[in-house]
1. Being under 20 Å from the mean Cα position of the chain (by Cα) and part of a helix (DSSP H, G or I) is the filter here, so list the residues in the range 74-116 that pass it.
2. When residue 171 is evaluated against the numbered criteria (1) closer than 20 Å to residue 33 by Cβ; (2) within 17 Å of the chain's Cα centre (by Cα), which criterion, by number, is the only one it fails?
3. Residues that are assigned to a helix (DSSP H, G or I), surrounded by 14 or more Cβ atoms within 10 Å (Cβ to Cβ) and modelled with pLDDT under 95: does the range 189-197 have at least one?
4. I'm trying to understand the selection: among the residues of the range 264-308, which are closer than 26 Å to residue 87 by Cα, assigned to a helix (DSSP H, G or I) and in contact with a helix residue (DSSP H, G or I) (Cβ under 8 Å, 6 or more places away or on another chain)?
5. Pick out the one residue from 272, 217 that is surrounded by 15 or more Cβ atoms within 10 Å (Cβ to Cβ), outside the structural domain of residue 76 (by TED's automatic domain parsing) and without any contact (Cβ under 8 Å) to a residue 40 or more places away in the chain.
6. Here are some conditions: (1) out of contact with any helix residue (DSSP H, G or I) (no Cβ under 6 Å at 6 or more places or on another chain); (2) closer than 28 Å to residue 303 by Cβ; (3) crowded, with 18+ Cβ neighbours inside 10 Å. Residue 98 meets all but one. Which one does it not meet?
7. For the structure I just gave you, tell me whether residue 145 is surrounded by 15 or more Cβ atoms within 10 Å (Cβ to Cβ), touching a residue at least 12 places away in the same chain (Cβ under 8 Å) and not in a helix (DSSP H, G or I).
């Protein structure tokens, strides 16, 4: 059951065939799904933070392996929430369980095996499921890792159970090799020189939103969305970006802007650095704050933002 003790050679490499498929990365909030996708791709295409429910959309990362291509789908954490936005995020995550070739269920090494969660998520699943036990670096010895594997193995017939540390990029390459071995034969679905099919404007907006998540507190990150208003490449090669940070209440505006504009400046500086690395060019970034009351409960606004 476990690949913690042995290495395996994917069948498609033995048979000299090309395989491809879609793999959804699912799990509870804050278990490291986005960090794992970034580690697999080798570039930051998904935002991360230490706060739960950072990811709100399905985000596809394209990864080429010897003899195959895997499209990994990062998803919001599966959770129960009362707001319309939270319910929409949960629906996105659950809908990602169908229509793919394989599931990667990510759990934390420090958490207990959860039979209720497994039944809720996997009761009707017919496709292969690989369990990924993340953050094993937090366990003190190998015996604890083996116990976690045994505990989870008793709950569901996982095809494989693979312990990793996504943050340290430990075991990730082996995990990808394991996943590749369960994909069907088929052609590449994307050119081999792209990392994601998400538009640049979407990733730019997400990188700005990540800084809000990391730098602000309380309810503010969860009341924030980012909209790129303009994206213009100038003759000198500089890309001028104007983006609105959307919040729900006037009282949140002062937190985003900060004393003498220092917080907004900090958000912009850190976001610009990430965007420049992504686009490999100089960026002029203009940020402004817009109050849209209760946008997270408004169906038309959620649809406009791509959350429904």
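The values are calculated or read from the model by the stated rules, or taken from the named source; none is laboratory data. None of the values given here were measured: they were computed from a predicted structure. Note that each Cβ is placed from the backbone with ideal geometry, even for glycine, and that neighbours are counted across all protein chains shown.
1. Once the filter is applied, which keeps residues that are under 20 Å from the mean Cα position of the chain (by Cα) and part of a helix (DSSP H, G or I), the range 74-116 yields 85, 86, 87, 88, 89, 90, 91, 92, 93, 94, 95.
2. (2)
3. There is no residue in the range 189-197 that is assigned to a helix (DSSP H, G or I), surrounded by 14 or more Cβ atoms within 10 Å (Cβ to Cβ) and modelled with pLDDT under 95.
4. Passing the criteria: 295, 296, 297, 299, 301, 302.
5. 272
6. (3)
7. no
Each row is one residue, and each column tells you yes or no for (1) at pLDDT 95 or above; (2) under 30 Å from residue 18 (Cα atoms); (3) touching a helix residue (DSSP H, G or I) at 6+ places or on another chain (Cβ under 8 Å).
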{"site": "223", "(1), (2), (3)": "no, no, yes"}
{"site": "226", "(1), (2), (3)": "yes, no, yes"}
{"site": "230", "(1), (2), (3)": "yes, no, no"}
{"site": "239", "(1), (2), (3)": "yes, no, yes"}
